[in-house]
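One structure is given here, and the rest of the page talks about it.
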Amino acid sequence: MSNTSETEENNMSLCANCGKGEEAGINLKTCTACKLVKYCSRECQIAHRPQHKKECRKRAAELHDEKLFKQPPPNEDCPICMIRLPTLGKGQTYKVCCGKIICSGCEYAPVCDHEGNQVDNICPFCRSSPPHSAEEMIKRYEKRRVEMNDATAIYNHGCNYSEGRYGLPQNDAKALELYHRAAGLGSADAYYGIGIAYHIGRGVEVDEKKAIHYWELASMRGHVMARHNLGCYEGQAGNMDRAMRHYSISAKAGYKNALNGVHTLYSHGYATKDDYAKALHSYQAYVDEIKSEQRDEAAAAREVFHYY
C-alpha cells in the first residue's frame, strides 16, 4: 500500500475536525456529499465546513457525474416475442389487465386460441377482455394496478388526470401526486413528467433547476427524451462536451433526435467525424436489436406503432 493510500485510510478513521478516532469508541459518520471525510458530531462537521466546502463540492459533483453519465441498462424484452422492447413509447403498450408491457408487433398481431382460431379483442398476454367502458378502465387502474403499487400504472393514471381521460376531471395537482408516487417506485417516465411540469409550469411554478433535477433522475433510469433535453440544455449553456455525452448516451439507447443532436454538434465543429460515426453506429446497433418483421408490419399499418 502506498503512503498516499495509508494517509487517506488514516484520515477516514479520524474526525476531520477534532482528530478523534474510532478506536476511542466514537461512531464517525461519513460526509454524505463527498464521501471523503468523517466527523464525530454535527458540531464538528459545521466547524470544518469552511475549509472543506470547496473540496466537498468538487468531489460531490464528480460523484454525481459518475452516476449521471453511466449508460443505463437496456429495456427488458417483450414478454411475448422475447425481443428487446423499443425505447419509444409508440413501440410498446401497457396492458392494464395484467400489468405487462408488450411491443407494438405483438399488440398488432392476431391472437389465436388453442385450436388456432383468431380471437378478437383480448389481451395477447393474459387473454383477458379489454375494458368495455371508461368507467371500467378507471376501475381496473385503481383497483387492480394502482393499489398494487404498479409504478407504470400509477404514472399512466397520473396522465389520465393530466389529460382528463376516461371521464376524469383534468387535474394537474392529482397528476403530480401520482407522478411523485410512481417516481418513488422507480418510474423514469414519472420523473420525466415531473420535470416537464416544472419546465412549462403545469400545476407548479416554472423552475428550471427542478426540471433539470428531475430529468437527471429520469435519465439515470434510462429515459432517452429526458437525456436529450439535458443535452439541449448543456448545449445552450455552452457546455458542448457535456451535451455530446448526453446525446451519445441517448442515441445509443435509441433516440434518433439525440443522434441528430450529435450531428448538429459535428456540423458546427463541436464534435469530430469519429464522434458522429460512433453515435451513428451505436444507434444502428440498437435498431438492429429491436427490429422484427412483426413490428415492421405493425408500423406499416398504423403510424401509432412506429417504433424507431
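Got a number for residues in the stretch 214-245 being under 17 Å from H268 (Cα atoms), open to solvent by less than 30 Å² (accessible area, probe 1.4 Å) and in contact (Cβ under 8 Å) with a residue 60 or more places away in the chain?
The qualifying residues number 0.
Against the conditions (1) part of a loop (DSSP other than H, G, I, E, B); (2) open to solvent by 50 Å² or more (accessible area, probe 1.4 Å); (3) more than 27 Å from L217 (Cβ to Cβ), where does P73 fall short? Just the number, please.
If we test P73 against (1) part of a loop (DSSP other than H, G, I, E, B); (2) open to solvent by 50 Å² or more (accessible area, probe 1.4 Å); (3) more than 27 Å from L217 (Cβ to Cβ), just (3) comes out false.
Can you tell me which condition Y308 does not meet? The list is (1) assigned to a loop (DSSP other than H, G, I, E, B); (2) open to solvent by 40 Å² or more (accessible area, probe 1.4 Å); (3) more than 25 Å from G186 (Cα to Cα), and all the others hold.
Y308 satisfies all of (1) assigned to a loop (DSSP other than H, G, I, E, B); (2) open to solvent by 40 Å² or more (accessible area, probe 1.4 Å); (3) more than 25 Å from G186 (Cα to Cα) except (3).
Considering each residue of the stretch 41-70, count those that are in a helix (DSSP H, G or I) and over 23 Å from L217 (Cα atoms), and give that number.
14
Looking at (1) on the phi > 0 side of the Ramachandran plot; (2) open to solvent by 70 Å² or more (accessible area, probe 1.4 Å), which is the one condition that is false for G269?
Unmet for G269, out of (1) on the phi > 0 side of the Ramachandran plot; (2) open to solvent by 70 Å² or more (accessible area, probe 1.4 Å): (2).
For the stretch 275-285, does any single residue satisfy the condition of being open to solvent by less than 20 Å² (accessible area, probe 1.4 Å), within 22 Å of the chain's Cα centre (by Cα) and free of Cβ contacts under 8 Å to residues at least 60 places away in the same chain?
yes
Filter the stretch 107-143 for residues that are closer than 24 Å to G167 by Cβ, open to solvent by 60 Å² or more (accessible area, probe 1.4 Å) and not in a loop (DSSP other than H, G, I, E, B) and give the result.
The answer is E135, K139, E142, K143.
The values are calculated or read from the model by the stated rules, or taken from the named source; none is laboratory data. Everything numeric in this text was worked out from a predicted model, so none of it was measured. Note that each Cβ is placed from the backbone with ideal geometry, even for glycine, and that neighbours are counted across all protein chains shown. The protein model used for the area step is the full one, side chains on, heavy atoms only, and it has no ligands, DNA or RNA in it. Shrake-Rupley method; radii C 1.70, N 1.55, O 1.52, S 1.80 Å.
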